[in-house]
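Chemist: Attaching a single structure in structure tokens format; questions to follow.
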Amino acid sequence: MLALAHKSPREVRELIRKREITRPTAGMARGHIQANLAIVPKDLAFDFLLFAQRNPKSCPILDVTEPGNPEPKIMAPGADLRYDIPKYRIYKYGELVDEVIDLDDYWRDDLVGFLIGCSFSFEAAMLNAGIPIRHIEDNHNVPMYITNIDTVPAGSFHGKMVVSMRPIPHHQVVRAVQATSRFPQVHGAPVHIGDPSIIGITDVNKPDFGDPSVIKEGEVPVFWACGVTPQSIAMTSKPELMITHAPGHMFICDPTDEDLAVL
């Protein structure tokens, strides 16, 4: 994992395209933006763009592709959204019907891709501030939960916010808020700190996506809005087709985290 942390985004994407990387991407190409993916047919693209605009905390848009063109020209010129993510999920009418390593069997000429900011992007800033990140330490996927927090509907899209969780030592919670607040385009400051039940999480050890993280004595669970929210939206809105990344399996962009930082 340390070697992957020091590779360039292009190098990591090449390994993904060769299927030499099929696992979650946390910690890879450290210091570069990672992005969630949502792909919808062109006739739903405006509704989804409006949904993202109304819900910038969970769905901050980084790039939008032309219909039928899988190249994210702003975030990674020359890349291909059909092959450069380790694992994809296919939702049809709200049901998860497939999980695949490329989109050869599902790509269509009317599809529009959205790259959405990911909280993996601000983890370098947290590490630089001396804040431990449990899922990187323990080499597992970040835990993610469907909450009771309503998103703002737009067109046919509606549903609940998804959050990611990181256990933070009590004395470093303020520092974690400060470090992540500088990155509003990759979710920014936490949406909740402390008691998970307040946001509808009944068992923090049983995430809806990803893997559980151990919360040690003296640590506080801290929750950030998550770009897996479109997958929750797919399940409640039931569009004809939505393609997403598998949770934790992100698209790695060329710009650095600091390119998005607010001073």
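Chemist: If you take every residue apart from residue 99 with its C-beta less than 10 Å away from the C-beta of residue 99, what net charge results, scoring Lys and Arg +1 and Asp and Glu -1?
Modeler: Taking every Cβ under 10 Å from that of residue 99, the sum is +1.
Chemist: Using packing as a proxy for protection, rank 121-130, 103-112, 219-228, 205-214 so that the peptide with the highest average count of other Cβ atoms within 10 Å comes first.
Modeler: 219-228, 121-130, 205-214, 103-112
Chemist: Please report, ordered by residue number, every helix of the chain (full DSSP H runs) that is 20 Å or longer along its axis going by C-alpha atoms and whose mean Kyte-Doolittle hydropathy reaches 1.6.
Modeler: none
Chemist: Here's another thing I want to ask about it. Obtain the radius of gyration and the Kirkwood radius of the stretch 21-132 from its C-alpha atoms and give Rg over Rh.
Modeler: Over the Cα atoms of the stretch 21-132, Rg/Rh equals 0.98.
Chemist: Continuing with this model, one more query. Using the beta-carbon distance between residue 148 and residue 238 and R0 = 22 Å, what value does 1/(1 + (r/R0)^6) give for FRET efficiency, to the nearest 0.05?
Modeler: With R0 = 22 Å, the Cβ-Cβ based efficiency is 0.65.
Chemist: To continue, here is another question. What shape does the stretch 119-181 have by the C-alpha gyration tensor, where a ≥ b ≥ c are the square roots of the eigenvalues, rounded means a/c under 1.5, and otherwise prolate means a/b greater than b/c and oblate the rest?
Modeler: prolate
Chemist: Taking the Cα of residue 73, stepping 7 Å toward and past its beta carbon, and measuring to each backbone N in the stretch 229-263: which are under 18 Å?
Modeler: Of the residues in the stretch 229-263, 254-255 have backbone N under 18 Å from the label point off residue 73.
Chemist: Still on this structure: Please compute the alpha carbon radius of gyration of the stretch 121-225, then divide it by the globular-protein estimate 2.2 N^0.38 Å. Two decimals is fine.
Modeler: Dividing the Cα Rg of the stretch 121-225 by 2.2 N^0.38 Å gives 1.06.
Chemist: Another one. Using only the alpha carbons of the stretch 67-107, determine the length spanned along each of the three principal axes and report them from longest to shortest in whole angstroms.
Modeler: Cα extents, longest axis first: 32, 21, 16 Å.
Chemist: Also: Starting from 0.36 nm per residue, how many nanometres of slack lie between residue 66 and residue 129 once their C-alpha separation is accounted for?
Modeler: 18.9 nm
Chemist: Treating only the Cβ of Lys, Arg, Asp and Glu as charged (+1, +1, -1, -1), what charge dipole size does the chain show about its Cα centre? Round to the nearest 20 debye.
Modeler: 400
Chemist: At residue 14 and residue 98, where each label point lies 7 Å from the Cα along Cα→Cβ, what is the point-to-point distance in nanometres?
Modeler: Computed distance between label sites residue 14 and residue 98 equals 2.9 nm.
Chemist: Which FRET efficiency, nearest 0.05, do residue 4 and residue 203 yield, Cβ-Cβ r, R0 35 Å?
Modeler: 0.65
Chemist: Report the normalised scattering of the stretch 195-234 as log10 I(q)/I(0) at q = 0.17, 0.23, 0.25, 0.27 Å⁻¹, calculated by the Debye formula with identical scatterers on the alpha carbons.
Modeler: -0.54, -0.95, -1.09, -1.21
Chemist: Using square roots of five times the C-alpha gyration tensor eigenvalues, list the equivalent-ellipsoid semi-axes of the stretch 60-183 in whole Å, biggest first.
Modeler: Three semi-axes, in Å: 30, 19, 16.
Chemist: Any chance you could list the semi-axes, whole Å, largest first, of the equivalent ellipsoid that the Cα gyration tensor gives for the chain, using √(5λ)?
Modeler: After diagonalising the Cα gyration tensor, the semi-axes are 27, 22, 16 Å.
Chemist: Which of 7/42; 57/216; 87/216; 18/42; 87/160; 18/216 have a Cα-Cα distance over 26 Å?
Modeler: Exceeds cut-off: 7/42; 57/216; 87/216; 18/42; 18/216.
Chemist: Before rounding to the nearest 500, sum -39500 (n - 2.57) across all DSSP H runs of length at least 4 in the chain and divide by the residue total; then give [θ] at 222 nm in deg cm²/dmol.
Modeler: -5500 deg cm²/dmol
Taken together, the values in this text are just the output of simple stated rules run on the coordinates, not laboratory data. What you see is a predicted model, and the numbers here were worked out from it, not measured in a lab. Glycine gets a Cβ as well: all are built from the backbone with ideal geometry, and neighbour counts include every protein chain shown.
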